[in-house]
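Some notes on the structure that comes next.
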Amino acid sequence: MENSIDKKLAQQIVATVKDVCGQNVNFIDHTGMIYASTDERRIGSFHEIGKQAAQKGEMLEVDTDSLFAGTQKGVNLPVFYNGSFVAVIGISGPPDQVRKYAYLAERITGLLIRERELNTFSRTQAEKMNYVIHSLINRENLSQAYLLDTLEQFQVNKNGSYRMLLIHIRSGRAPMNTAEAEQKIQQMFAKTGITLCTFHYPSEYLAVVDSRRFPLISPVLAEFACQQEGRLKISVGKSCPVFQLSESYETGAAAQKSIVSSAARHYAVFDDLTLELILSSVEEGCKAEYLRKTLDALDAEDISLLSVYFEEDMSLGHTSSRLFLHKNTLQYKLDRIYKKCGLNPRKFRDAVVLYLAWKLT
């Protein structure tokens with residue numbers, strides 16, 4: 001298994017080793033590519049003996065320049081950390097003179113990697129949560145030991161299934177300020193027992209929810225979303241193993257898109273969505289053109305009437321009762337909508353077209 005380190009740290013290591021031995025030093029990956037060097041001209045070039053050393057897992061020495069592709073005389077030592085291959089360190093120079101520095105370079109590499117890990121572990125609790133959640137949802141490589149330690153710290157079972165929770169703070173009318181939002185959201189997290197959460201710039205909170213407890217938490221989330229009077233949108237992705245939370249985040253984002261500005265609904269769970277999944281993926285240009293062809297001729301009163309009509313499954317009796325209208329008056333208003341937009345809400349096919357338009361608003 002390979003435990004790769006970034007180029008910045010690799011460059012720091014070769015510079016540190018050169019300070020000790022006075023020779024040029026290369027960092028070579030398992031393919032033989034030099035990706036850090038005290039000789040900038042060699043960065044990105046191929047090192048044949050470096051590749052062989054990585055494959056064999058043992059130190060190889062070269063006594064003559066140019067005998068192998070991209071290779072100068074020197075020693076090439078594979079370095080491992082916690083049992084994982086890191087890189088081959090190549091030190092240029094007569095092997096008898098630089099051999100002693102190879103093992104020193106190995107120790108320096110281990111110490112600098114360990115220092116980086118300690119710096120990572122010393123992050124504040126909030127930084128740790130932010131780092132882990134973003135790494136999981138972005139499929140970034142993490143130190144396995146660090147990840148498992150952090151998950152355990154926040155009571156997340158590495159073998160469990162979890163869901164990503166997304167809370168979006170709406171802008172526009174009566175927006176919540178950040179401090180107010182954070183206080184209310186953190187209180188809700190504490191109430192529901194959510195321990196792993198973070199802020200996702202510029203206006204979103206993310207949290208990891210245990211799938212086993214979700215049936216108990218879901219009603220609390222729905223009530224919380226409703227209490228904020230449209231200033232928040234809350235969505236939840238599908239249940240996934242903890243190391244596949246990127247999928248839960250993507251499905252949670254799809255559920256978030258299904259919550260439209262004009263709807264009374266402020267909470268969506270991916271599992272419950274059907275038609276909304278298709279509608280949420282409609283491009284803005286197509287959406288605008290569809291609405292222009294269907295609802296542009298209608299006013300707010302017409303659209304409000306259609307909302308109730310569709311919510312009551314196109315029942316004239318139920319719609320009349322809810323709107324306190326005589327049935328004949330309701331039929332007159334529906335006929336007027338037909339004349340204005342050319343689509344008859346009382347005919348199934350036309351009603352479907354209007355229904356989809358209403359769902360898109």
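The values are calculated or read from the model by the stated rules, or taken from the named source; none is laboratory data. Just so it is clear, the structure is predicted and the values come from calculations on it, not from any experiment. Cβ placement follows ideal geometry from the backbone for every residue including glycine, while neighbour counts extend to all protein chains displayed. Quick note on the areas: whole protein, heavy atoms, side chains included, nothing else; ligands and nucleic acids left out. Shrake-Rupley method; radii C 1.70, N 1.55, O 1.52, S 1.80 Å.
General observations
- Residue selected from segment 8-51 under the condition in contact with a strand residue (DSSP E or B) (Cβ under 6 Å, 6 or more places away or on another chain) and assigned to a helix (DSSP H, G or I), by the criterion surrounded by the most Cβ atoms within 10 Å (Cβ to Cβ): GLY50
- Residue tally, condition more than 18 Å from LEU275 (Cα to Cα) and either assigned to a helix (DSSP H, G or I) or in contact with a strand residue (DSSP E or B) (Cβ under 8 Å, 6 or more places away or on another chain) (or both), over segment 307-358: 25
- Boolean, PHE46 is at pLDDT 90 or above and among the aromatic types (Phe, Trp, Tyr): yes
- When the residues of segment 156-174 are filtered to those that are at pLDDT below 90 and surrounded by 14 or more Cβ atoms within 10 Å (Cβ to Cβ), the one that is nearest to VAL236 (Cα to Cα) is ILE169.
- Selected residue (criterion: modelled with the lowest pLDDT) from residues of segment 351-361 that are in contact with a helix residue (DSSP H, G or I) (Cβ under 8 Å, 6 or more places away or on another chain) and open to solvent by 30 Å² or more (accessible area, probe 1.4 Å): THR361
- Those residues of segment 145-155 which are out of contact with any Leu (no Cβ under 6 Å at 6 or more places or on another chain) and either under 14 Å from ARG116 (Cα atoms) or open to solvent by less than 20 Å² (accessible area, probe 1.4 Å) (or both), in sequence order: ALA145, TYR146, LEU147, THR150, LEU151
- Each residue in segment 265-292 was checked for being among the small types (Gly, Ala, Ser) and either on the phi > 0 side of the Ramachandran plot or assigned to a helix (DSSP H, G or I) (or both), and 2 of them qualify.
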